[in-house]
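Trainee: Before I ask anything, here is the structure I am working with.
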Amino acid sequence: MSDIIKLLPDHIANQIAAGEVVQRPASVVKEMVENAIDAGATKIQVIIKDAGKTLIQIIDNGCGMSGGDAIMCFERHATSKVSTADDLFALKTKGFRGEALASIAAIAHVCVKTRQEFTETGTLIEIEGSKVKTNEATVCPVGTSFEVKNLFYNVPARRNFLKSDNVEFNHIVDEFERIVLAHPDLAFSLHHNDNEVYNLYSAVLRKRIVDILGKSSNDKLVPIEESTEIVTVVGYVGKPEFAKKSRGEQFLFVNNRYFKDTFFNHALTKAFDGLVQPKMFPSYFLYLTVDPKKIDVNVHPTKTEIKFEEDRLIYAILLSAVRQALGKYNVAPTLDFERETSFDLPHEMKYQPAVEPTIRVNPDYNPFQTTTRTSNSGSSGNSFTKAIRAEGFGASETTPADWQNFYKIEEEEVAIEPVTLDLPATDALPKAFLFRGKYIFTTSKSGLLVFDAQRATERIVYDELMAQFISKPIASQQLLFPIEREFSTNEKTEWESNKTMLERLGFVGNFNDKTIEISAVPAILQEESIHDCLDFILEKIAFQEIDKGEIAHVIVESIATATGRRKAITTNEAAEHLIEQLFSCSEHSFTPKGKKIIETITLDEIATKF
Ligand code: ADP
Ligand code: MG
């Protein structure tokens, strides 16, 4: 028999490839706008006719292309962004596969006009179904304008498969929003059938989000800022009461690229546990920065699925960063402090005379220095107000003054409304009274506050360790005599797959034939607690009773509980210090396990006793 295998002609190969890259007009918009961003454009216009079925035009003021490149860019695997395999692991650009333009040109009529700076004339190329029809010099501005007409004109099955204009245009808006949210510093516009849908100027992130969601959203955003050597997370989450019925306002970005991730989404949903109604979806706009070597963007042609090397740690960091931020926003409802937090204030401010923002410049501010949030245990002040201020909003070490950033200034200006406890005026009286080593009494406006000392300790240790865990490995102590224990297969597999996480938590273990040898544990653990804690951890991970991402929290929780049990409070001064520390925690009414820390006995209740 004669040979039957032959190579597909290029235009057919391109058409097949196009099926993967271009599903609908929105895919063209995404690829072309991303190309414009990669070309260094600062202003990008998107013009759409009939939901992209008739025309998709992208005009940018980027670097433009030479005459040769303007032809070359339509070849398959033609890219200026990657030249060696190593480049794939250090991606700084949106595109790199070199197949978008080849795919688009195979299934549409494409016209490109492009000019580079310092060249007199530009280039005009017209291409139809991969065939070049025109290639000539032209007069045009610096930058590039792509027109994509009659999408799928030669693939009728695909064209018929397109949905109504409404649906297709909504897809375009979705893609557009994902890109503009990833690049608040660039100006974008979107026109549909001569209507202006968006006209966005370069802005700070918060403003860009508000531009997309609408003005009223400004009051709903809670800032997130967490910096660790594994990942930096900045952005906003929506206050729980503004959760939506759909996932429409859930945005994750990594290195300025939008991505979808069910694992991280789970972490974020968990952070809102108990705060949003079932079947409601919290909003989030979170921007991760990760070493490009530690992610793989190459998983899918549309590049919205990304593999993370350290996904479990990032899960834990996301969960706790969002929980902490929400905790701050949700300041202790059981205390009768006036609930004034920076997150509430933009709304209240409407009823106050306007205060002209003042510019505070921190001469020591170094934008490249990463700062991390740690709990306030080391502070020497003894007023609760101070503790709350220091940990609270606009604290200079966590929010460097940024005079350009109107939104930030607003946050800082409104931040400090002193929270007052009715503390005795003279120093002769104790501010906190320790009772039987177990309970601590203080007074508040409405009566007596009683604190459970053990639970308060638990909360403080948990917050401290969690903050440490996020920013760096938890301090570990080498054991003079390593602990040897037998292990089950399950325990071994699970310990090994969580090894980096466990080491970051302070536990170092190595397996021999029959035993695991624990050579270091978190420094905070008292000797008596070590065995209990290890039992707990091995059991938890071995039986996979907890979600993978939750392991860090459960372990820190168990360390906190163990420490709470062992750490004795013996003097009124120590009690007072403990309460100060408690008030600098993200949440001070409940332990991490949800047990009550504070009870109020009101004046009325006391009065009924007499
Ligand atoms: P990729 O983006 O993966 O490199 P594309 O097919 O999208 O592949 O683009 C091919 C090449 O065409 C790019 O690498 C770039 O050099 C060039 N290019 C595409 N769009 C533009 C643009 N708007 N401005 C300048 N160059 C562009
Ligand atoms: Mg591209």
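The values are calculated or read from the model by the stated rules, or taken from the named source; none is laboratory data. Since the model is a prediction, treat every value here as computed from it, not as a measurement. Cβ: placed from backbone, ideal geometry, glycine included. Neighbour counts: every protein chain shown. Areas reflect the complete protein model, heavy atoms only, side chains present, ligands, DNA and RNA absent. Shrake-Rupley method; radii C 1.70, N 1.55, O 1.52, S 1.80 Å.
Trainee: Tell me, what is the FRET efficiency for GLU539 and LYS595 to the nearest 0.05, using R0 = 22 angstrom and their Cβ-Cβ distance as r?
Mentor: So, using R0 = 22 Å, E works out to roughly 0.55.
Trainee: Output the relative contact order of the range 121-197, whole-number percent, from Cα pairs under 8 angstrom with separation of 6+ residues.
Mentor: 15 percent
Trainee: Further question: Given axes a ≥ b ≥ c from the Cα gyration tensor, I'd like to know whether the range 210-328 is rounded (a/c under 1.5), prolate (a/b larger than b/c) or oblate.
Mentor: Prolate.
Trainee: Still on this structure: Which peptide among 178-190, 466-478 comes first, and what is the full order, when sorted by highest mean count of other Cβ atoms within 10 Å?
Mentor: By packing density, highest mean first, the sequence is 178-190, 466-478.
Trainee: Looking at the range 152-255 from every direction and averaging, what is the projected area of its Cα convex hull in nm²?
Mentor: Values: hull surface 38.3 nm².
Spelled out: convex hull of the Cα atoms, projected over all directions, averaged, 9.6 nm².
Trainee: Pull out the extension gain between ARG436 and LEU603, defined as 0.36 nm times the separation in residues minus the alpha carbon to alpha carbon distance; nm, one decimal. Numbers along the way, then the final one.
Mentor: Values: separation 167, 0.36 × 167 = 60.12 nm, distance 2.30 nm.
57.8 nm is the gain from fully extending ARG436 to LEU603.
Trainee: Calculate one ³J(HN,Hα) per residue across the range 527-532 by plugging θ = phi - 60° into the Karplus curve 6.51 cos²θ - 1.76 cosθ + 1.60, and present them in order as whole Hz with x for glycine and proline.
Mentor: 3, 5, 8, 4, 5, 4
Trainee: Give the relative contact order (percent, whole number) for the range 480-526; include only Cα pairs under 8 Å separated by 6+ residues.
Mentor: Details: 48 pairs, mean separation 20.5, N = 47.
Once divided by the residue count of the range 480-526, the mean separation gives 44 percent.
Trainee: Identify the GluC sites (Glu not before Pro) of the range 185-233 meeting these criteria: DSSP loop state and at most 12 other C-beta atoms within 10 Å of the C-beta.
Mentor: For GluC sites (Glu not before Pro) across the range 185-233 that sit outside H, G, I, E and B with at most 12 neighbouring Cβ atoms in 10 Å, the list reads GLU229.
Trainee: Have a look at PHE308, ASN265, LEU318 and report the one farthest towards the positive end of the charge dipole of the range 210-328, computed about the Cα centre with Cβ charges (Lys/Arg +1, Asp/Glu -1).
Mentor: Going by the Cα projections, it comes out as ASN265.
Trainee: Just want the answer: with Cβ charges of +1 for Lys and Arg and -1 for Asp and Glu, which residue in HIS109, GLN45, ALA90 is farthest toward the dipole's positive end in the range 10-200?
Mentor: Of HIS109, GLN45, ALA90, it is HIS109.
Trainee: OK, next. If you plug each phi of the range 35-52 into the Karplus form 6.51 cos²θ - 1.76 cosθ + 1.60 with θ = phi - 60°, what whole-Hz ³J(HN,Hα) values come out, in order, with x for Gly and Pro?
Mentor: Karplus values, whole Hz, x for Gly and Pro: 4, 5, 5, 4, 7, x, 5, 10, 9, 10, 10, 10, 10, 10, 10, 6, 6, x.
Trainee: Say each of LYS514 and THR289 gets a label point 7 Å from the Cα, pointing the same way as Cα to Cβ; how far apart are those two points in nm?
Mentor: So the two model labels end up 5.2 nm from each other.
Trainee: Hey, got the dipole for the range 148-234? About the Cα centre, +1 on K and R Cβ, -1 on D and E Cβ, debye to the nearest 20? Write down the numbers at each step before the final one.
Mentor: Details: 10 positive and 13 negative charges, 66 e Å.
For this selection, approximately 320 debye.
Trainee: Let me ask you something else. May I ask you to order 211-220, 15-24 by the average number of other C-beta atoms within 10 Å around their residues, highest value first? All intermediate terms of the calculation are to be shown ahead of the outcome.
Mentor: Working: 211-220: 15.6, 15-24: 18.8.
For the peptides 211-220, 15-24, the packing ranking is 15-24, 211-220.
Trainee: How much length would be gained if the chain were fully extended between LYS163 and GLU196, taking 0.36 nm per residue of separation minus their Cα-Cα distance, in nm to one decimal?
Mentor: Extra length available between LYS163 and GLU196 comes to 9.7 nm.
Trainee: Right, next: Given a 1.4 angstrom probe, I'd like the percentage of the accessible area of the range 210-328 that is carbon and sulfur, rounded to a whole number. The partial results should precede the final answer.
Mentor: Details: 2440 of 4830 Å².
Result for the range 210-328: 50 percent of the exposed heavy-atom area is carbon or sulfur.
Trainee: With a Förster radius of 45 Å, plug the Cβ-Cβ distance of ASP50 and GLU309 into 1/(1 + (r/R0)^6) and report the FRET value to the nearest 0.05.
Mentor: Values: r = 44 Å, r/R0 = 0.97.
For ASP50 and GLU309, the calculated efficiency is 0.55.
Trainee: Follow-up. Would you mind counting up the charge near SER529? Only other residues with Cβ under 9 Å from its Cβ, with Lys and Arg at +1 and Asp and Glu at -1.
Mentor: -1
Trainee: Evaluate the charge dipole of the range 433-601 about its Cα centre and quote only its size in Debye, nearest 20, assuming +1 on the Cβ of each Lys and Arg and -1 on the Cβ of each Asp and Glu.
Mentor: So the magnitude is around 520 debye.
Trainee: In nm, to one decimal, how far is the VAL450 label point from the PHE118 one, both placed 7 Å along Cα→Cβ?
Mentor: In this crude label model, VAL450 to PHE118 measures out at 8.0 nm.
Trainee: Considering Cα pairs under 8 angstrom that are at least six residues apart, work out the relative contact order of the range 433-601 and quote it in whole percent. If you can, show how the numbers build up before the last one.
Mentor: On the way: 240 pairs, mean separation 61.2, N = 169.
After rounding, I find 36 percent.
Trainee: What is the set of long-range amide H partners of PHE251 at a cut-off below 5 Å, with H atoms built 1.01 Å from backbone N?
Mentor: Sorted by chain and number, the residues that satisfy this are TYR284, PHE285, LEU286.
Trainee: Okay, moving on. Between GLN277 and THR134, take the C-beta separation as r, use R0 = 41 Å, and let me know the FRET efficiency to the nearest 0.05. Numbers along the way, then the final one.
Mentor: On the way: r = 58 Å, r/R0 = 1.42.
The pair GLN277/THR134 has a calculated efficiency of 0.10.
Trainee: Another question, if that's okay. Of THR561, ALA453, PHE441, which is farthest towards the positive pole of the range 440-563's charge dipole, taken about the Cα centre with +1 and -1 on the beta-carbons of Lys, Arg and Asp, Glu respectively?
Mentor: PHE441
Trainee: Given that compact globular proteins tend to follow 2.2 N^0.38 Å, what is the ratio of the alpha-carbon Rg of the range 433-601 to that value?
Mentor: Details: Rg = 17.8 Å, N = 169, 2.2 N^0.38 = 15.5 Å.
Ratio of Cα Rg to 2.2 N^0.38 Å: 1.15.
Trainee: Hey, another quick one. Would you work out if the range 6-85 is rounded, prolate or oblate? Take a ≥ b ≥ c from the square roots of the eigenvalues of the alpha-carbon gyration tensor; rounded if a/c is under 1.5, else prolate when a/b is larger than b/c, oblate otherwise.
Mentor: Details: a/c = 2.06, a/b = 1.17, b/c = 1.76.
Oblate, because a/c is 1.5 or more while a/b does not exceed b/c.
Trainee: Also: At 0.36 nm per residue, minus the direct Cα-Cα distance, what do ILE4 and ASP185 gain on full extension? Give it in nm, one decimal, please. Could the numbers behind the result be given before it?
Mentor: Values: separation 181, 0.36 × 181 = 65.16 nm, distance 5.46 nm.
Net length gain for the segment: 59.7 nm.
Trainee: Provide, for q = 0.13, 0.23 Å⁻¹, the log10 of I(q)/I(0) from a solvent-free Debye sum over equal Cα point scatterers in the range 242-286.
Mentor: -0.27, -0.79
Trainee: While we're looking at this one, here's another question. What pairs from LYS163/LYS307; LYS207/LYS279; LYS307/LYS514; LYS245/LYS596; LYS239/LYS595; LYS149/LYS260 go past 26 Å between their alpha carbons?
Mentor: LYS163/LYS307; LYS207/LYS279; LYS307/LYS514; LYS245/LYS596; LYS149/LYS260
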